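The structure appears right after this line, and notes come after that.
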There are 2 protein chains.
Amino acid sequence: MFESAEIGHSISKRTYAREVPKLREALLDAQYDLFQDGRFPVMILFAGVDGAGKGETVNLLNEWMDPRHIRVAAFGDPSDEERERPPMWRYWREFPAKGRIGIFAGHWYTDPILDRVRRKTKQPQLIQSLEEIVRFETMLADEGVLLLKFWLHLSKEKQKKRLKALEKDPKTRWRVTKTDWRHFRLYDRFRKVSELALRQTGSASAPWMVVEGEDFRYRNLTVGGTLLAAMRERLDQKPAKPAADRIPPIPPPADNRHILGALDLTLKLDRKRYTDLLALYQGRLNLLSRNRRFRGRSAILAFEGNDAAGKGGAIRRVAAALDARYYRIIPVAAPTEEERAQPYLWRFWRHVPRLGRFALFDRSWYGRVLVERVEKLIPPPDWRRAYREIVEFERMLVDDGIRVVKIFLHISPEEQLRRFEERMKTPYKRWKLTPDDLRNRARWDEYAVATDAMFAKTSSRHAPWNLVASDYKWWARIRGLETIVKGLSDGVDLKLPPCDPKLAKAIGKMVKKAKKGGRALKP
Amino acid sequence: MFESAEIGHSISKRTYAREVPKLREALLDAQYDLFQDGRFPVMILFAGVDGAGKGETVNLLNEWMDPRHIRVAAFGDPSDEERERPPMWRYWREFPAKGRIGIFAGHWYTDPILDRVRRKTKQPQLIQSLEEIVRFETMLADEGVLLLKFWLHLSKEKQKKRLKALEKDPKTRWRVTKTDWRHFRLYDRFRKVSELALRQTGSASAPWMVVEGEDFRYRNLTVGGTLLAAMRERLDQKPAKPAADRIPPIPPPADNRHILGALDLTLKLDRKRYTDLLALYQGRLNLLSRNRRFRGRSAILAFEGNDAAGKGGAIRRVAAALDARYYRIIPVAAPTEEERAQPYLWRFWRHVPRLGRFALFDRSWYGRVLVERVEKLIPPPDWRRAYREIVEFERMLVDDGIRVVKIFLHISPEEQLRRFEERMKTPYKRWKLTPDDLRNRARWDEYAVATDAMFAKTSSRHAPWNLVASDYKWWARIRGLETIVKGLSDGVDLKLPPCDPKLAKAIGKMVKKAKKGGRALKP
């Protein structure tokens, strides 16, 4: 892997002096085209051997191009706000917007490689991390990010020579730290692990560029030239014609039966039972949220469902059980300008809560495979890949100890019509009814196909879907609460207050009914 | 102050049951109007005596209204990212956007009051904090924020009774902490300090509403009713007709002489001197940025100047001396959608850097009193108040230990024209010339009046303006670097490398010339 970067590449002073001005002008030109055009962001990663010139190259690119539109992200020890979120969160928050260049001086390779070099992890863990990275970078590429990964290399002798030279010069002595020498002693191991990492993650959409770091002229021209070629090629492509869809469309089931059709929509509760159960579950949820164990965790609750299915009402019943200081409701509507300049999932990553907090999503990232698919707002390849990306996103949350509970509220078309009419009639509810609702209603069957696919592809072991029959609001709210309490109490040693035996019996019945009628989907 | 909230206000169960449904509906209605209309944000503060129902009321408002458009901000111990910024930073980041409601369960009164109660501060410090708060809240009001401040009160006996009652009930026992009892022992002191705070900060634009907290029905109806009345009144006002401008316009000086006119624009450096001085000052700046002392501080450098005055070039020379991982350049262009939904200074607060980092602003918050004033993008009262707000903003930064250096690059109209022509001719510079530049040029005299006012009103002791003659770029860049090095080295014990005596002499000359020609404005 690194052999080609140990052959002593070098560029003469004269050639360098001749090439640099042209390269700089062309790079600047490309940068302005990128900025004017704003079609995609550029992410540049620098990794490699200490002393091979990572820092210098980052500074060089800032000098050669217009640093006003470059964002350099350095990562020291994570801040407490970062530690309380999944490891990838700190990278997402540093993403450059479309039209900008982001340089990552630290990145998602740093920890997996160093942890393995220091034997903090075993081989399978490393492999797993690398696989995650491949999926992550594939997503970036699919989102239109131009990702360039540079590995600056030095052979072992060269590294030693370089460190010694830096140490000798009083002006550069400060740059050689004890860590550098400690890393040097691990050179062989570092090389072996890195070689594996590069091989595993050098996919076609994000290949590694291994550059010999010894001769700065060679290094600079190589990095600059590679960056220029990559930007130029992408800029000169015709603006994104949606990729041809090579997957044949999947027709709806011939018998027109859908997963949601299996829900028993006649399930209901009388007022007395509803009131009792509401108090019971809200109490339990409140206890849970104040439980010690929970303070070291956070929760993300996602509510989906047809228009007028009662998402708002269900969310309010959940919120009422929580301390308002510790939850935030995120109503998902059209993305803002800053959100549109980023990969799709960015707008959800930014709302990942701190420890001990709740994020309640009123509609969620599933809009990608529901409304955006059905209304043809995005080309099919985009929603096709979204299933996998979403599963991965949720897995990262769950792996970090976040509780993820997804609830789908389902109503019949008849009940929806009834609710629409009611909204029409009630003055202070009229605002709730929009032309979108009627348009969505006209596409009922298409939505049924889309939800089928969604349940099938995203009801993962770590974050299963919970389908709730919602023709009767009381039933739906209690089922929702019950699901959430169950989802959150897993692993939390909660001393529940004794439950009235009558109520306990009623719950048993309800759960049994729901198991027949409603359902939690298992993958 | 609190007497009216110790008379045992109460509402009967029956009245409450009759009033609440009406109130809730009206509140919900107002909230949707606010959301649809998106004209202003609502900020609600809850302060007062422990046990008077602050937490309950926050939860209540979430229950009565649609919690999806309410953002509750709670503040525990500051995170490290917060501690590394001025104290107000954490509040700015929680501001609700236009059309939304933000409830502050903790806020800018908490620390000043408690610090004084615990004798961590003296009276004058408290008074000063309160004055700052008044200015801050006036700014909010001027920006169109509807700010409502509720003080929930309990008399001393009532507080004791309440705490004991809560402690007795196993269900609510958890809510009474040791801190509550410690606060209780300080009741008299707390009351005295609070009384002062409320009197000092109860301005007409943001009055305090003192509410007796004993009877929850009275408390709920009062808070809900006050909120409703305030929102309704503002919503029913005609959309913001710009307030009549009562201040007579200030004509330009009769002799047409301006502050910038005093700059000697013939100042220049030859190539040799420029190269030497550039190396010298970049070296010093680099040393400074890596100095231990500096790691506990951060710096904000703001560059202003006419079009084509060389801001970009000057910034690049500064950036080249710094490690790219530790600075960020913020080019100030049109605000994004998220920024437009916030008070003016929000978009600058969000870029306040962490410790040890640099923020370089290419144009800055001064756009408010330059382009926005001259181009009449905002009504005169808005830019008139901006001077004071900006001085206050910079003072907060400086008080927090941040170095603030402001540089204005000035060129003559003739030199500007020459540069415009050059840009026209050079293909890769043509993008730099926009119709805006020509429009601005046509308003040269108006800009001169605006810059005069800006220098006069915002060159404060803590953040003076530095005017730099820029007809000769080399001169301007060196003067800029010199100013920054001087601004940053103040208080940093820097061992500078010895300077070549010839160069030292040249510097002495330059500084002397600049003192005559260029100038640092003193207030």
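Results for (1) crowded, with 20+ Cβ neighbours inside 10 Å; (2) closer than 25 Å to A:Asp490 by Cα, shown as yes or no for each residue.
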residue: A:Leu438; (1), (2): no, no
residue: A:Glu446; (1), (2): no, no
residue: A:Thr451; (1), (2): yes, no
residue: A:Thr458; (1), (2): yes, yes
residue: A:Ala463; (1), (2): yes, yes
residue: A:Val468; (1), (2): yes, yes
residue: A:Asp471; (1), (2): yes, no
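Against the test of being modelled with pLDDT of 85 or more and part of a helix (DSSP H, G or I), the options B:Arg461, B:Arg477 yield a single qualifying residue, B:Arg477. Being surrounded by 17 or more Cβ atoms within 10 Å (Cβ to Cβ) and either more than 30 Å from B:Tyr281 (Cα to Cα) or outside the structural domain of B:Arg388 (by TED's automatic domain parsing) (or both) is the filter here, so list the residues in segment B:317-347 that pass it. If the condition is that a residue be surrounded by 17 or more Cβ atoms within 10 Å (Cβ to Cβ) and either more than 30 Å from B:Tyr281 (Cα to Cα) or outside the structural domain of B:Arg388 (by TED's automatic domain parsing) (or both), then B:Glu339, B:Ala341, B:Gln342, B:Pro343, B:Tyr344, B:Leu345, B:Trp346, B:Arg347 are the ones that fit.
A search for C-beta distances below 8 Å between a residue of segment B:69-95 that is at the interface with chain A (Cβ under 10 Å from one of its Cβ atoms) and closer than 17 Å to A:Arg83 by Cα and any residue that is outside any helix (DSSP H, G or I) and among the aliphatic types (A, V, I, L, M), counting only pairs 6+ apart in sequence or on different chains, returns B:Glu84/B:Leu355. A count restricted to segment A:204-223 and to residues that are surrounded by fewer than 19 Cβ atoms within 10 Å (Cβ to Cβ) and of a type in the set (Gly, Ala, Ser) stands at 2. Determine, yes or no, whether B:Arg118 is over 17 Å from B:Arg350 (Cβ atoms) and not polar (S, T, N, Q). The answer is yes for B:Arg118. Only residues that are closer than 18 Å to A:Gly313 by Cβ, assigned to a helix (DSSP H, G or I) and within 29 Å of the chain's Cα centre (by Cα) were counted in segment A:401-453, giving 1. Among the residues of segment B:119-137, at least one is in contact (Cβ under 8 Å) with a residue 40 or more places away in the chain and under 18 Å from B:Val42 (Cβ atoms). Looking across segment B:354-374 at every residue that is in a loop (DSSP other than H, G, I, E, B) and closer than 24 Å to A:Thr336 by Cβ, the one that is farthest from the other protein chains (Cβ to nearest Cβ) is identified as B:Ser364. Mind listing whichever residues of segment A:301-316 are within 20 Å of B:Tyr32 (Cβ to Cβ) and either among the charged types (D, E, K, R) or facing chain B (nearest Cβ under 10 Å) (or both)? Of everything in segment A:301-316, those that are within 20 Å of B:Tyr32 (Cβ to Cβ) and either among the charged types (D, E, K, R) or facing chain B (nearest Cβ under 10 Å) (or both) turn out to be A:Asp307, A:Lys311, A:Gly312, A:Ile315, A:Arg316.
Among the conditions (1) under 23 Å from A:Leu61 (Cβ atoms); (2) at pLDDT 90 or above, the only one that B:Ala333 does not satisfy is (2). Residue-level check: of (1) within 27 Å of B:Arg39 (Cα to Cα); (2) within 12 Å of chain A (Cβ to nearest Cβ), B:Leu377 misses just (2).
Residue check: is A:Phe358 among the aromatic types (Phe, Trp, Tyr) and closer than 21 Å to A:Leu287 by Cα? Spelling it out, A:Phe358 is indeed among the aromatic types (Phe, Trp, Tyr) and closer than 21 Å to A:Leu287 by Cα.
Restricting attention to segment A:127-177, the residues that are surrounded by 16 or more Cβ atoms within 10 Å (Cβ to Cβ) and of a type in the set (S, T, N, Q) total 4.
For segment B:296-303, the criterion of being assigned by TED's automatic domain parsing to the domain that holds B:Arg418 and assigned to a helix (DSSP H, G or I) is met by none of the residues. Taking into account only those residues within segment A:105-126 that are farther than 30 Å from A:Pro379 by Cβ and within 14 Å of chain B (Cβ to nearest Cβ), which is surrounded by the fewest Cβ atoms within 10 Å (Cβ to Cβ)? Going through the qualifying residues, I end up with A:Thr110.
The residue that is surrounded by the most Cβ atoms within 10 Å (Cβ to Cβ), among those in segment B:20-60 that are within 29 Å of B:Arg175 (Cα to Cα) and free of Cβ contacts under 8 Å to residues at least 40 places away in the same chain, is B:Asn59.
Scanning segment B:493-511 finds no residues that are under 29 Å from B:Gln282 (Cα atoms) and either modelled with pLDDT of 90 or more or within 29 Å of the chain's Cα centre (by Cα) (or both). A:Tyr281 versus (1) farther than 30 Å from A:Asp29 by Cβ; (2) at pLDDT 90 or above; (3) surrounded by fewer than 14 Cβ atoms within 10 Å (Cβ to Cβ): which is the lone unmet condition? Against the list (1) farther than 30 Å from A:Asp29 by Cβ; (2) at pLDDT 90 or above; (3) surrounded by fewer than 14 Cβ atoms within 10 Å (Cβ to Cβ), A:Tyr281 comes up short only on (3).
The set of residues in segment B:261-300 that are of a type in the set (Asp, Glu) and either within 13 Å of another protein chain (Cβ to nearest Cβ) or under 18 Å from B:Arg317 (Cβ atoms) (or both) comprises B:Asp270, B:Asp276.
Test A:Leu433 against the stated conditions and say whether it is closer than 19 Å to A:Lys473 by Cα and at pLDDT below 85. Yes: the conditions hold for A:Leu433. Within segment B:317-344, if we keep just the residues that are touching a residue at least 40 places away in the same chain (Cβ under 8 Å), part of a loop (DSSP other than H, G, I, E, B) and within 11 Å of another protein chain (Cβ to nearest Cβ), the residue that is farthest from B:Phe294 (Cα to Cα) turns out to be B:Ala341. So, of the residues in segment B:13-42 that are over 35 Å from the mean Cα position of the chain (by Cα) and of a type in the set (A, V, I, L, M, F, W, C), which turns out to be farthest from B:Gly99 (Cα to Cα)? It comes out as B:Ala17. Being part of a helix (DSSP H, G or I) and modelled with pLDDT of 95 or more is true of A:Arg347.
The values are calculated or read from the model by the stated rules, or taken from the named source; none is laboratory data. Keep in mind it's a predicted model, so treat the numbers as computed, not measured. Every residue, glycine among them, receives a Cβ derived from its backbone with ideal geometry; neighbour counts consider all protein chains shown.
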